[in-house]
Each structure stands twice: as structure tokens, then as C-alpha cells.
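Here is the structure we will look at.
The values are calculated or read from the model by the stated rules, or taken from the named source; none is laboratory data. Keep in mind it's a predicted model, so treat the numbers as computed, not measured. Note: ideal-geometry Cβ built from the backbone for every residue, glycine included; neighbour counts use all protein chains shown.
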Amino acid sequence: MALKLVDSQSDPNAPSMPRALWPVSLVSHSFLAMFGGMILGFLPEAFLSRLYYNTGIEPFAPAIALTAFLIGYFFSQHLFRARAAKWAWIVGVLWLSFGMYDETRFWSASWSTEKSRWQYALAEFFGPTSKCSGSECLGELFFTMPFVASVMYSVGAYFRELRARWVNLK
């Protein structure tokens with residue numbers, strides 16, 4: 001008898017997966033959120049970004065965020081252990097935290113335009129292009145966008161679950 005990879009949350013009669021697979025599921029959802037959101041949202045972001053270039057919302061990549069939300073809403077339940085989809089944001093926070101640590105560990109007031117290490121990190125990861133252009137804004141690309149995508153994917157998965165509960169109550 002083969003173990004069917006179905007989440008017991010979506011089908012109460014299905015055998016549940018071993019708890020040891022939960023971390024694998026979490027990482028799978030996180031990768032889907034980060035890479036799926038960024039790859040599928042790249043073209044819409046490229047076309048729409050001129051509308052908010054050099055503003056406060058630019059680092060959050062709204063088109064990528066919306067794409068990740070939609071992936072979380074429509075596709076998270078199809079990846080095994082759908083319950084882990086709501087927790088994909090944890091991997092995004094850890095990834096952003098690592099990026100902030102790595103970016104600021106060699107910070108020096110002698111070369112930085114920012115007065116403190118914290119201001120430098122905020123400008124690098126959450127500032128408009130004019131603030132982070134000294135580093136080509138790569139912190140936003142490699143750390144902020146995956147963080148935002150993972151958070152929005154989790155929000156989408158959560159709304160999907162809320163909708164499923166609401167439909168089941170009717």
C-alpha cells in the first residue's frame with residue numbers, strides 16, 4: 001500500500017503525512033513562494049515599476065507581491081502538507097534577517113552615507129532607489145523581494161483556508 005501525499009486538513013479521511021515531512025513541506029512552500037512569485041511576477045513588475053519608481057513602495061515589489069499572493073491562494077493547497085503554506089513567511093523572515101546581518105557586518109561610518117548601521121540596513125533593503133543605488137539595490141532583489149513574496153504567499157494561503165472554512169459553514 002502506497003502512502004498518498006494528501007494533507008489531512010483538506011481531506012479528513014486521508015492518512016496524514018508523517019510529522020517529519022513538515023519541515024520539507026515548509027521549505028517547499030517557501031521556495032514556491034519566493035521563486036514562483038519572483039519568476040512569474042517579474043514581467044508585470046518590470047512594466048508596472050515605472051509607476052512607483054523611487055517611492056516608498058518600490059522595494060516591496062507590488063506586482064511580485066500580488067503574484068505570490070495569488071500563487072498562495074490558488075496553488076498552495078496542491079503542494080503536499082498545505083498547512084505549512086501559512087508558515088512560509090518564517091523562511092522569508094530568516095532569509096531577510098541573514099541578509100541584513102550579512103550586509104551590515106562590515107559597515108563602517110568612514111564610507112557609508114548613512115549615520116548608523118541600522119539606517120544603512122533600512123536604506124539597503126527598504127529604501128527607494130536613490131538611497132540604495134550605491135550597491136545597485138541588490139539587497140532588495142535578493143532579500144527584500146523573497147521576504148515580501150513569502151509573506152504574501154502565506155497571506156494568500158491563509159485567505160484560502162478562511163474561504164474554505166466559510167464555504168463549509170454554509
S110, sole failed condition from (1) more than 15 Å from F31 (Cα to Cα); (2) touching a residue at least 12 places away in the same chain (Cβ under 8 Å): (2)
Positions within the range 76-113 being of a type in the set (D, E) and surrounded by 18 or more Cβ atoms within 10 Å (Cβ to Cβ), in sequence order: E103
Evaluation of G99 against (1) in a loop (DSSP other than H, G, I, E, B); (2) touching a helix residue (DSSP H, G or I) at 6+ places or on another chain (Cβ under 6 Å) (one fails), failing number: (1)
Residue in the range 39-53 that is outside any helix (DSSP H, G or I) and either under 18 Å from W95 (Cβ atoms) or touching a residue at least 60 places away in the same chain (Cβ under 8 Å) (or both) present: yes
Count - residues of the range 74-120 that are under 24 Å from F159 (Cα atoms) and at pLDDT below 90: 11
Candidates L169, L138 - the one that is farther than 18 Å from G36 by Cα, at pLDDT below 90, within 18 Å of the chain's Cα centre (by Cα) and surrounded by fewer than 20 Cβ atoms within 10 Å (Cβ to Cβ): L138
Residues satisfying the stated conditions in the range 54-85, i.e. touching a Leu at 6+ places or on another chain (Cβ under 8 Å) and either β-branched (V, I, T) or not in a helix (DSSP H, G or I) (or both): T67, I71, L79, F80, R81
Close pairs from the range 79-105: first on the phi > 0 side of the Ramachandran plot, partner among the hydrophobic types (A, V, I, L, M, F, W, C), Cβ under 7 Å, at least 6 apart: R81/M17; R81/L21; R81/W22
From Y53, Y73, residue being surrounded by fewer than 15 Cβ atoms within 10 Å (Cβ to Cβ) and aromatic (F, W, Y): Y53
